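Encoded as structure tokens, the structure appears first; notes follow it.
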Amino acid sequence: MTFPSWIEFIKHYNAGLLTGPILLGIAIWAGYKKISYGVSIKAKTSLAKYPPSIWLIIGCLVIGAVHFVGVYASLINAWHFRDMQPLQISEIKVERMIEEGKPDSIQPIVISDTTLIAEGLSKLTKAKNRDREHEYFINGYRIQLITSIKKDFYISVYEKSNTSGCGGVIPHIGREGAGSIHNAGEYNSPEFQEWVFSNIAPLFHKRT
């Protein structure tokens, strides 16, 4: 697959791709200076008046580690999505979602039409980065891609958010789509969203 685009993935995380490594580098440097200061005091050769604060070291280490794990876990997820071939997808299982993390009580629908599935996934090629503004998505579908690969590939697509009419598309590994450690970024894809609400939504409407 060509989704997600590496360019759009980089746009999504932007400076976040560097924040983790930089903070971890500062923590390592400050830790080295702290140890060196202690050794030099014992040897009475210290040239520095004050060693780096232990709180600076801990703060940079913790924040850097959180950023690094979150962003680079997301990068690995994106790589797995891009490594998957559409022909490996035999069917999709779709759940109706009231909002993120809250599935509807309606039973999921399984679609085995590989031509229809391929058509839908092709709509993702133009997906663009989407940045959230303290909002959550509502009214959508969680689509599980059934493949021969031992990975739980999902794409969650939402019609809108709680603050705007602009929805979103979230590729993720595992049922949980929130959090960078689970997903491969967040995107806006009007073409894919239109395909979902034109082809999949009516199947659920027939059941209600």
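The numbers here are math on the coordinates, done by the rules we state, and not lab data. Note that the structure is predicted; figures quoted are calculated from it, not measured. Positions of Cβ are generated from backbone atoms using ideal geometry, with glycine treated the same way; all protein chains shown enter the neighbour counts.
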**Asked** Equivalent-ellipsoid semi-axes (√(5λ), Cα gyration tensor) for the chain, whole Å, largest first?
**Response** 45, 17, 14
**Request:** Taking amide H positions as placed in the peptide plane 1.01 Å from N, state which residues far from Glu176 in sequence (5 or more) or on other chains have amide H under 5 Å from it.
**Result:** none
**Message:** As a quick test, which of the pairs Lys93/Lys151; Lys102/Lys151; Lys102/Lys126 have an alpha carbon distance above 20 angstrom in this structure?
**Reply:** Lys102/Lys151; Lys102/Lys126
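Just how large is the dipole of the range 116-208 about the Cα centre, in debye to the nearest 20, putting +1 at every Lys and Arg Cβ and -1 at every Asp and Glu Cβ?
On the way: 12 positive and 10 negative charges, 57 e Å.
I would put it at about 280 debye.
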**Request:** Evaluate the range 87-205: find the radius of gyration of its Cα atoms, find its Kirkwood radius, and give the ratio Rg to Rh.
**Result:** 0.93
**Message:** Give me the Å³ per residue figure for the convex hull around the C-alpha atoms of the range 51-116.
**Reply:** 122 Å³
**Message:** With θ taken as phi - 60° and the coefficients 6.51, -1.76 and 1.60, list the Karplus ³J(HN,Hα) couplings across the range 183-196 in order, rounded to whole Hz; mark glycine and proline as x.
**Reply:** 9, 10, x, 10, 9, 10, 9, x, 5, 5, 4, 5, 4, 4
**Asked** Taking every pair of alpha-carbon atoms in the range 146-208, what share in percent sits in each 10 Å bin, from 0 to the bin with the longest distance?
**Response** 20, 43, 34, 4
**Prompt:** Whole-Hz Karplus ³J(HN,Hα) for the range 61-72, in order, using 6.51 cos²θ - 1.76 cosθ + 1.60 and θ = phi - 60°, x for Gly and Pro?
**Reply:** 5, 5, 5, x, 5, 4, 5, 4, 4, x, 5, 7
**Prompt:** Taking the Cβ-Cβ separation of Phe197 and Tyr72 as r and a Förster radius of 41 Å, what is the calculated FRET efficiency to the nearest 0.05?
**Reply:** 0.80
**Item:** Given charges at Cβ of Lys, Arg, Asp, Glu: the chain dipole, positive-most of Tyr72, Ala127, Ala178
**Value:** Tyr72
**Asked** By per-residue mean of other Cβ atoms within 10 Å, what is the highest-first order of 179-185, 131-137, 119-125, 9-15?
**Response** 179-185, 119-125, 9-15, 131-137
